[in-house]
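Here the structure comes first, spelled out in structure tokens, and everything after it is commentary.
We did not get these values from a lab; they are worked out from the coordinates using the rules stated. Just so it is clear, the model here is predicted, and its values are computed rather than measured. Methodologically, a virtual Cβ is constructed for each residue, glycine included, from the backbone with ideal geometry; neighbour enumeration extends over all protein chains shown.
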Amino acid sequence: MSARIVRGEAAPAYFPPLHDGVDARRLQGHEAGPTGRFWIGESYYHPGGAARRSPAAEETVYYVLDGELTLTVEDDPAQTLGAGDSVHLPRGTVRSLENRTGDGARLLVVIANPTPGGTP
């Protein structure tokens, strides 16, 4: 079979650095099996959960599945992202993400795999 299925209940947990109050699991790539150009994860942000300010290691896309998250990029004003909103972050973009609500939020994360030699 050429397709690789990862069942939701079997998606392996991972622990992204600089994240607090966030449960993350790998849907495809890394621990969930090899991928070519990107990997996909799902993150659950508990109330008060956050990804602290840091540069994106690779090109990244966030897609909010449920709830509300506050995104701060570089020195721009914070933006509220709700269900159905997405954002593209070029590699190196300094950002933070926080759940400032009393409800959980789910985020789909798509991140490019590093390119050989570190060039785009």
note = Sequence order, the stretch 28-43: Karplus ³J(HN,Hα) from phi using 6.51 cos²θ - 1.76 cosθ + 1.60, θ = phi - 60°, Hz rounded, Gly and Pro as x, gives 8, x, 6, 4, 7, x, x, 10, x, 9, 7, 9, 10, x, 10, 10
message = Amide H of Val94 versus every other amide H placed in the peptide plane: which residues, excluding those fewer than 5 positions away on the same chain, fall under 5 Å?
response = Ala56, Glu74
task = Taking the dipole about the Cα centre of the stretch 14-99, with the C-beta of Lys and Arg at +1 and of Asp and Glu at -1, give me whichever of Pro77, Pro17, Val87 is farthest to the positive side.
result = Pro17
ask   = What is the calculated FRET efficiency for Asp75 to Tyr14, with r their C-beta to C-beta distance and R₀ = 35 Å, to the nearest 0.05?
value = 0.75
request  = Rounded to whole Å and ordered largest first, report the semi-axes of the equivalent ellipsoid of the stretch 66-120 derived from its Cα gyration tensor (root of 5λ).
outcome  = 25, 14, 8
Dipole magnitude of the stretch 14-99, debye to nearest 20 (Cβ charges: Lys/Arg +1, Asp/Glu -1, about Cα centre) = 300 debye
remark   = Computed ³J(HN,Hα) along the stretch 49-65: with the Karplus parameters 6.51/-1.76/1.60, θ = phi - 60°, integer Hz and x for glycine or proline, the list is x, 7, 9, 5, 4, 6, x, 5, 5, 9, 3, 9, 10, 10, 9, 7, 7
remark   = Computed over the chain, the relative contact order (Cα-Cα under 8 Å, seq sep at least six) in percent reads 28 percent
Options (i) 1.06; (ii) 1.82; (iii) 1.65 - which one matches Cα Rg over 2.2 N^0.38 Å as calculated here = (i)
